[in-house]
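Novice: First, the structure itself, so that you have it in front of you.
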Amino acid sequence: MPKKRPTFLYRRKHAEDFPYCCDTCVPELRFKLLRHKEQHDNVVHGIPIISHESKKAAMISSLHAAPMSTLACTSPLSAVSMRELNTFIETEIEPDTENNQSCNFAVDRLCYFMQNNFPYQLRPSKIQKIGSLEKGTAVKGKSDADLVVFLATFHTVSELSQKLASILDTIKLYLFTYDECDITGTTSYAVKVSLSCDDHSHNVDILPSVNILETMSKEDIYEEMASGSSSYTRDYYSAALAPLQIQFVSSFKAKVKTLIRLMKYWRKTDFEESTGTLRLPSSYLLELIVFGEWERAGSPNDFDLRRGFYHVLTAVANYKTLSTYWTQPIHLTTL
């Protein structure tokens, strides 16, 4: 007796097992194999079946294809409909508002603890959120909420760098008394903690720094970095300049941030974390690559996310020829 085929209602309820979806039929019809969807499209909607060789040629030509604003998608991502991709992004990648609020409350409580419980020599003049939650590029369940603690009693990066090891040790002692986080380690620049938030947790780096952006112009800072600091000391400027990074990324348009989330999800789920000499691109680097490719495409207000994703992946694959920079000044009046 022939095996009974699953109904389309069953297929819709088990979409993960039937990933290919007709873009025309309502209610949607789902298929387990791409060739079954192509046969359906051909018989029911008169769409010709594209041969394997034609698909291969289309993939090659897409390396030199039109910009992101073009809706036609000739990469293998064309097997994924925009409706499927948007549903996936909504359910798997974009954090919901309630989740974001809960995470921000947990981070705010940690900031309040540090503001009111650190000793005088580590008293923060300001705490800057610099992670993906603050930038608006958080991925559901994979967001970070790193914090720069600007110390009121330190005034130069050089002074801070000389005492940073003991500063980190003291911060660890005080964070041991905070019940909502666990210390997971330290780096040369930060104390790493795991912060509890409802039914999940966040990895948070706490970076002591000096708020030189309030006392020096950017030009003076860059001059100091170039002429008055060793290459070792220059690394300590990264946290101090983090507000510039936040304002730059926060200005990206909403759909560009969606593409950034898609790239970050790909990085987090398709690769092992960096170990030793094998290093993955940082989230911030991926953000800059996405923004650079979007600008090269003419900064469209709307674009096909599949094509955008493909163009950014192509840029990452050709990283040896990648070169992007910006000269537009960033103003801190809104910080």
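Taken together, the values in this text are just the output of simple stated rules run on the coordinates, not laboratory data. All values derive from a computational prediction rather than experimental measurement. All Cβ positions, even for glycine, are placed from backbone atoms using ideal geometry, and neighbour counts span all protein chains on display.
Novice: Just the number, please: percent antiparallel of the DSSP beta bridges in region 140-288, rounded to the nearest 5.
Specialist: Antiparallel bridges make up about 75 percent of those DSSP assigns within region 140-288.
Novice: Hey, with R₀ at 30 Å, roughly what FRET efficiency would Arg12 and Ala254 work out to, going by the Cβ-Cβ distance, to 0.05?
Specialist: On the way: r = 29 Å, r/R0 = 0.96.
After rounding, the FRET efficiency stands at 0.55.
Novice: What does a probe at Glu159 reach in region 87-125, counting residues whose amide N is under 18 Å from the point 7 Å along Cα→Cβ?
Specialist: 119-125
Novice: In nm, to one decimal, how far is the Lys218 label point from the Asp169 one, both placed 7 Å along Cα→Cβ?
Specialist: Label-label distance for Lys218 and Asp169, simple model: 3.8 nm.
Novice: If I model a spin label at Glu295 and His36 as a point 7 Å from the Cα along the Cα→Cβ vector, what separation in nanometres do I get?
Specialist: Between Glu295 and His36, the simple spin-label model gives 4.7 nm.
Novice: Additional query: Please give the charge dipole size of region 93-151, origin at the Cα centre, charges +1 on K and R Cβ atoms and -1 on D and E Cβ atoms. Round to the nearest 20 debye.
Specialist: 260
Novice: Students often get this wrong, so check it: of Lys140/Lys172; Lys192/Lys320; Lys37/Lys142; Lys140/Lys320; Lys135/Lys264, which have C-alpha atoms separated by over 25 Å?
Specialist: Lys140/Lys172; Lys192/Lys320; Lys37/Lys142; Lys140/Lys320
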